[in-house]
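Before any comments, here is the structure.
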Amino acid sequence: PFGKPANEQSLKVFQEGGSLLDAVERGIHVAEADVSNASVGLGGIPNSEGVVQLDACIMDGEGHRAGSVAALEDILHPISVARRIMDDSKHVMLAGDGARQFALAKGFASTELLTEEREAEWKKWRNDNHPPDNHDTIALLGLDGNHHIVGGCSTSGWGYKLPGRVGDSPIIGSGLYVDNQIGAAGATGLGENVMRHCTSFLAVEYMRQGLHPEEACVEAIRRAIA
Ligand code: GLY
């Protein structure tokens, strides 16, 4: 349900003259800012210590550029921090407090991401250890009329995960992979399954071998579940 409004916002930004990067970034903002969404950004399910830790990445097929953040705390839009890492630093990935310090230095505001609702659920979980039903992720891909592709991915990850757990979403090739010459893929689902198989990279490589995108996804998933 949160994918559609994100895509609609993305399309709007692009139609109003924003770049493809702007479109993907601002589409993902919708999911990150939505408190009702327990899987991404503000209102995401916290880790086992009650702290929301976010993972995100962005990749630009033009120049094969990428930026990503892992286990980022206190910042509302991890996708934008990932973009700043790509645009303004020599690195691809920053994690933990280093990512947070980078974001603060770039002017991002420190924000409490744990909502009262998620805190109450977390306290209940501490007592009865009942795991959340599932978690999800947003992976958003944009393609313009010039074969330019941009992708982004953002998540709060596995609910009540161990502190410091990083999933597939910020790992280039696992949660997201973009190649202007071929295509792109983004993953949702349990990161531990995705990241052991570089699943997004694999899907793009299957397309490179000539498979239809749907077939490529099926084959990549087949490899992951084998
Ligand atoms: N796919 C998101 C995660 O497992 O963290």
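For region 158-198, a residue qualifies if it is hydrophobic (A, V, I, L, M, F, W, C) and near the ligand (Cβ under 10 Å from one of its atoms), and the qualifying residues are W158, V166, I171, A187, L190, V194, M195. Quick one: in region 69-114, which of the residues that are part of a loop (DSSP other than H, G, I, E, B) and touching a residue at least 60 places away in the same chain (Cβ under 8 Å) is surrounded by the fewest Cβ atoms within 10 Å (Cβ to Cβ)? Among those residues, the one meeting the criterion is T111. The number of residues in region 175-190 being buried (at least 20 other Cβ atoms within 10 Å of the Cβ), within 11 Å of the chain's Cα centre (by Cα) and free of Cβ contacts under 8 Å to residues at least 60 places away in the same chain comes to 2.
If only residues of region 123-157 that are modelled with pLDDT under 95 and surrounded by 22 or more Cβ atoms within 10 Å (Cβ to Cβ) are counted, the one that is farthest from the ligand (Cβ to nearest atom) is H135.
You will find that of I182, I138, I225, I221, the residue that is among the hydrophobic types (A, V, I, L, M, F, W, C) and within 24 Å of L94 (Cβ to Cβ) is I138 and no other.
The values are calculated or read from the model by the stated rules, or taken from the named source; none is laboratory data. Everything numeric here is computed off the predicted structure, so don't read it as measured data. Cβ coordinates were reconstructed from backbone atoms using ideal geometry, including for glycine residues, and neighbour counts include every protein chain displayed.
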